[in-house]
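Worksheet for the structure shown next.
Here, each number is a calculation from the coordinates, and none is a lab measurement. Owing to the predicted nature of the structure, the values given are computational and were not obtained by experimental measurement. Note that we place each Cβ from the backbone using ideal geometry, even for glycine, and neighbour counts take in every protein chain shown.
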Ligand code: ATP
Ligand code: MG
C-alpha cells in the first residue's frame, strides 16, 4: 500500500518540514491514490498555523482562502494547493458548519473530524501512512463508513449524508450498515444544506457508475429535499449527462426541482426541450422536418433521450440523418437573405421565404442549388 505524491505536493511537505512543522497529504487524493487511481489534487494538512504557513511560502503566491478556519491556498507554478492547519471542530448548531474550530498538534485529532474513514488517511514520505480509523481496509473492502458514530457525524453536518451517497454512486462502494441507517433516520436534516452544495453533489451522484443503485435504494432520502416524479428507475439507460438524467429523475416535477437546486440555465433548457418533445416520427421526411425545427444540438439531445428511454428510432434513421450532411437548417441552404433581397423580397418575408425553401429542399421538392431555388421561387410565387 502506497501513495504516489505529485512532485509539487512533495515540495510543499518538504518546505513545511524544513521549517520544523509536521505536514501530510490528506483527503480525496490520498484515497484515490490508494485505490490505484491517478490523483493530483492533494490537500495538505500541517501543524503550522496559517500565518506560519504563509511565512514558509512567502516566495509563492498565497491566497487566504479561509484563514480563520486554518486554510491558505498556495500556488505552485499555477497549481493551487489547499494547506490546512490540523484542527478540531466544535458545536454544529446550524447542522452544517462548526461554530468554532481550534488548532491542534496531533494529526490524529485532525483526522477524527473528517467525514469517512476512506477520507481520514494521511500520508507523508517521512511518516508513511497514518490511518487511525482503518480507512485503508475500508477502501479495500469498498465500504463507506463514518469516522465515529454516524448519527452524531450526520447530525453535526447534514451535507455528509449526501456526500456518502455521492461517493457510493461514483466509487461504487457500499455504505456500511450503521452509516446507512443513520442516513435514513436523518434524511430530513438535508433541508439545512444549501442549494448550491446539494446541486454540486447531485450532479456528481447522478453520473456515477453506481447512480441507479443509489437512486433505487435511497429514493426516500432524496425525496426529503426534492420532488421526484420521473422515470427514475431508468436513469442508467441514459448517457452520463446530468441534465438528461435530472429530467429522467424529476419528470413532471422538473421545474420545481431545478428551481430548488438553483440549477443553471443550460440544465433548465435541456430539460425544457426534452419535456416539450413529441415522439420521433418514423417517416424519414417528417423526421428531417422534426430535426430541422429543433436545431442540431437540441435534436441530438431529444434523439438521444427518446432512443434511450422509449426505444424510438430503432433503425437509427435519426442519427444517420444528422450525420449524413443532408440539408436540414437555414445555414445549409444554398441561398440566403441577400439573394432574396436582390430578388426584391423585403422585411419579414425574407425569413419566411427562406423557411419555405428549406422545407421544399428537405422534402425533395427542389434541389439545394441556388439557380434551382430561384427558379422554384418564381414558379411558386403566390
Ligand atoms: P473529491 O474527490 O470529490 O474532491 P474529497 O474527499 O477530496 O473528494 P473534498 O470536498 O475535496 O472531498 O474534501 C477534502 C477532505 O476534507 C475530505 O476527504 C474529507 O477528509 C474532508 N471533508 C470534506 N468535506 C467534509 C465534511 N462535510 N465533513 C467532514 N470532513 C469533510
Ligand atoms: Mg478533493
**Complete:** Once the mean of 1/r over all distinct C-alpha pairs in the range 150-276 is inverted, the Kirkwood radius in Å reads 14.5
**Item:** Degrees between helix 7-18 axis and first principal axis of the chain (Cα, 0 to 90, nearest 10)
**Value:** 30
**Sequence ranges 109-118, 361-370, ranked by mean other-Cβ count within 10 angstrom, highest first** = 109-118, 361-370
**Asked** So for the range 1-153, what are the equivalent ellipsoid semi-axes in whole Å, largest first, each being the square root of 5 times an eigenvalue of the Cα gyration tensor?
**Response** 24, 20, 13
**Request:** Just grab the label-to-label distance for residue 283 and residue 178, each label 7 Å out from Cα along the Cβ direction, in nm (one decimal).
**Result:** 6.7
**Prompt:** For helix 211-223, what angle does its Cα long axis make with the longest principal axis of the chain, in degrees from 0 to 90 and rounded to 10?
**Reply:** 80
**Asked** Projected area of the range 253-364, taken from the Cα convex hull and averaged over every viewing direction, in nm²?
**Response** 8.8
**Request:** Mind pulling the per residue volume of the convex hull built on the Cα atoms of the range 326-382? Å³ is fine.
**Result:** 74
**Complete:** Under Stokes-Einstein, the range 68-134 at 25 °C and 0.890 mPa s, with its Kirkwood radius over C-alpha pairs, diffuses with a coefficient in µm²/s of 182
**Prompt:** Rounded to the nearest 5, what is the percent of antiparallel bridges among the DSSP beta bridges in the range 7-136?
**Reply:** 90
**Asked** For the chain, what does -39500 (n - 2.57) per DSSP helix run (n ≥ 4), summed and divided by total residues, give at 222 nm, in deg cm²/dmol to the nearest 500?
**Response** -14500 deg cm²/dmol
**Request:** Could you compute the FRET efficiency for residue 229 and residue 314, with r as their C-beta to C-beta distance and R0 at 25 Å, rounded to 0.05?
**Result:** 0.35
**Message:** If Rh is defined by the Kirkwood formula over all Cα pairs and Rg also comes from Cα, what ratio Rg/Rh do you get for the chain?
**Reply:** 1.14
**Fill in**
Relative to the chain, whose Cα atoms define the longest principal axis, helix 296-310 and its Cα axis are tilted in degrees, nearest 10, by 70
